[in-house]
Amino acid sequence: MSAVAATVAMRRALPPEEAARANFYALLGRLLRSAPDAELIAALAASEPLPAEGDVAIAAAWRDLIDASSVMDAEAAAAEYEALFDGVGKAEVSIYAGFYSGAPSIAHPRVRLQADLAALGLARRERVSEPEDHFAGLFETMRVLVGGGAGREPAPLAEQKRFFEAYLQPAALKFMKALEASPKANYYRTVAALGAAFVSLESDSFQLA
């Protein structure tokens, strides 16, 4: 699990379960923002399996990501990322939540998301050009809500749930399934499986909150 923890620097101690949640959000955000570099791939390959008594789907997906990382190199990962998400013209797999919402433009989640991020003090910085509904940004926002950091405390569970159910729950599983099904996905098929297992667990947990 060390590679997950390495993707996020916590500003304060969190209960282990909350730290693990924040770290998974951070790792998924990092892997969707850009291809993993050699350092991250090596860290993932050297990571320990998750305890057998935890969530079975996440443990299996994590094991598969470790195995995939042990035979992956940064150049191949970069080429795969580009083929999936940065293709000329229409991307092989859209990495934007709005694509999966089925909402008309007037109700596009990006419109509400801009206001919500501003209210949370997480408005897009001027130098960032990606639209707000990029999945990397959504996972990173959840990382901040769960783990805090940069002088802010973790958000209340109700606030985490509201953001998750508004922006990730309607779209994330559809995205992960599309990514897993893509013939151009190899390494990222394991990323998608881990993302799907984690999002499903979060969804179930929020239903009990």
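The values are calculated or read from the model by the stated rules, or taken from the named source; none is laboratory data. The shown structure was predicted, so the numbers you read here are calculated from the model rather than taken from an experiment. A quick note on method: Cβ atoms are made from the backbone with ideal geometry, for glycine too, and the neighbour counts reach across all protein chains shown. Just the protein is used for accessible areas: all its heavy atoms, side chains included, with ligands, DNA and RNA removed. Shrake-Rupley method; radii C 1.70, N 1.55, O 1.52, S 1.80 Å.
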Inset, instruction - Note down all Cβ pairs under 9 Å where the first residue falls in the range 112-123 and is without any contact (Cβ under 8 Å) to a residue 12 or more places away in the chain, the second is in a helix (DSSP H, G or I), and they're at least six residues apart or on different chains. - result: Ala123/Gln114; Ala123/Leu117
Legend entry - Selection count where residues are in contact with a Ser or Thr (Cβ under 8 Å, 6 or more places away or on another chain) and surrounded by 21 or more Cβ atoms within 10 Å (Cβ to Cβ), scope the range 169-186: 2
Legend entry - Qualifying residues in the range 76-102 (those that are assigned to a loop (DSSP other than H, G, I, E, B) and surrounded by fewer than 15 Cβ atoms within 10 Å (Cβ to Cβ)) - the one modelled with the lowest pLDDT: Val88
Legend entry - Selected residue (criterion: nearest to Ala35 (Cα to Cα)) from residues of the range 57-66 that are surrounded by fewer than 20 Cβ atoms within 10 Å (Cβ to Cβ) and in contact (Cβ under 8 Å) with a residue 60 or more places away in the chain: Asp64
Inset, instruction - Name the helices (runs of 4 or more DSSP H) wholly inside the range 126-209 in which the number of residues that are more than 20 Å from Arg112 (Cβ to Cβ), over 13 Å from the mean Cα position of the chain (by Cα) and acidic (Asp, Glu) is 1 or more. - result: 172-181, 187-208
Inset, instruction - Tell me which residues, restricted to the range 37-47, are closer than 30 Å to Lys161 by Cβ, in contact (Cβ under 8 Å) with a residue 40 or more places away in the chain and surrounded by fewer than 24 Cβ atoms within 10 Å (Cβ to Cβ). - result: Ser47
Legend entry - Flag if Leu50 is open to solvent by less than 70 Å² (accessible area, probe 1.4 Å) and closer than 17 Å to Asn186 by Cβ: no
Legend entry - Filter result for the condition that a residue is aliphatic (A, V, I, L, M) and surrounded by fewer than 20 Cβ atoms within 10 Å (Cβ to Cβ), over Ala197, Ala166: Ala166
